[in-house]
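Presented below is the structure to which this report refers.
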Amino acid sequence: MNAKNTKRIVVKVGSSLVTNNGEGLDHAAIGMWAEQIAALLNSGHEVLMVSSGAIAEGMQRLGWTKRPQEIHQLQAAAAIGQMGLVQVYESCFARFNLRSAQILLTNADLANSERNANAKATLETLLKLGVVPIINENDTVVTDEIKFGDNDSLAALVSNLIHADLLVILTDQGGLYTADPRQHADASLLSDAIAGDPALEKMAGGAASELSKGGMLTKVLAAKIAAQMGASTVIASGREPNVLTRLLEGEKIGTHLSSAPNS
Ligand code: GLU
């Protein structure tokens, strides 16, 4: 990755990371990402976040220990949890004198030209104001993310919408492995590949957990979507210390999926 030419960055974080594997919103982790994003903004970058975690937080607030099957109960949990989610983001960013803003979107919003133009204009305005948009799927009206872990693809569509240079997908694993490391002891971390290479989809197949609905496959597919508008994607561990600032200093962490062979 050419860190020098990377100005606009979309950072996607999944439920397991945001809620420390379902134990409740991880203030410390969100605080660390906020600190790194504050440093990136100071060095002239623009950062947007796509964050899941609403359902997990909603379940916590409702005292539900088992994830319900019923979709409207999940949507209700998301509506409750979204309040807590943005509260934590707001207070963590405020510690670094940054403002954040809540954006709830659907893939269908972005497919509609008028809504797409409105979302783009709002995001551009927020970035100009130095505010960090915190985006989640609008779970009240759609269920793509609830069913398929589609915040990965939402993050890629957002990246394309605002012509981001880099999509960083933070997860609870070190990156993309040649096979599922939980089942294959000889699996090794893939450090570089070309986004859209069909071999990646084979490697990524199936590795989802109860909290991380998407697993690796939706991440690899998101990288393919983001590459259409020229953004490269990095899949890395959100628990790696200073992962964002180190990546933007050019350090190799996780899996780098280039949008073009020489980027
Ligand atoms: N957008 C939802 C959230 O933030 C969905 C994630 C899920 O299915 O657990 O919680």
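The values are calculated or read from the model by the stated rules, or taken from the named source; none is laboratory data. No experiment lies behind these values; they were computed from the predicted model shown. Every residue, glycine among them, receives a Cβ derived from its backbone with ideal geometry; neighbour counts consider all protein chains shown. Quick note on the areas: whole protein, heavy atoms, side chains included, nothing else; ligands and nucleic acids left out. Shrake-Rupley method; radii C 1.70, N 1.55, O 1.52, S 1.80 Å.
A compact table of results
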quantity	calculated
Cβ-derived FRET efficiency at R0 35 Å, PHE96 paired with ALA260, nearest 0.05	0.55
Surface share of carbon and sulfur [accessible, 1.4 angstrom probe, percent] for the chain	51 percent
Neighbourhood net charge (10 Å Cβ-Cβ; Lys/Arg +1, Asp/Glu -1) for SER259	0
Accessible area (Å², 1.4 Å probe, nearest 10) - SER43	80 Å²
GNM flexibility winner over the chain from THR178, THR65, THR233 (Cα, springs under 10 Å)	THR65
Restricting the stretch 95-180 to trypsin sites (Lys or Arg not before Pro) in coil, as DSSP defines it, with at most 15 other Cβ within 10 Å	ARG95, ARG99
Cut-off 12 Å between beta-carbons: net charge of the residues surrounding VAL88, Lys and Arg +1, Asp and Glu -1	-2
Qualifying GluC sites (Glu not before Pro) in the stretch 68-172, DSSP loop, other Cβ atoms within 10 Å at most 11	GLU70
Quotient of Cα Rg and 2.2 N^0.38 Å for the chain, N being how many residues it contains	0.93
Residue-normalised accessible area of the stretch 6-132, given per residue in Å² at a 1.4 Å probe	46 Å²
Loop-located chymotrypsin sites (Phe, Trp or Tyr not before Pro) in the stretch 39-117 whose Cβ has at most 16 other Cβ within 10 Å (DSSP)	TRP64, PHE96
Under 26 Å between alpha carbons - lysine pairs in the stretch 75-232 that sit 8 or more apart or on different chains	12
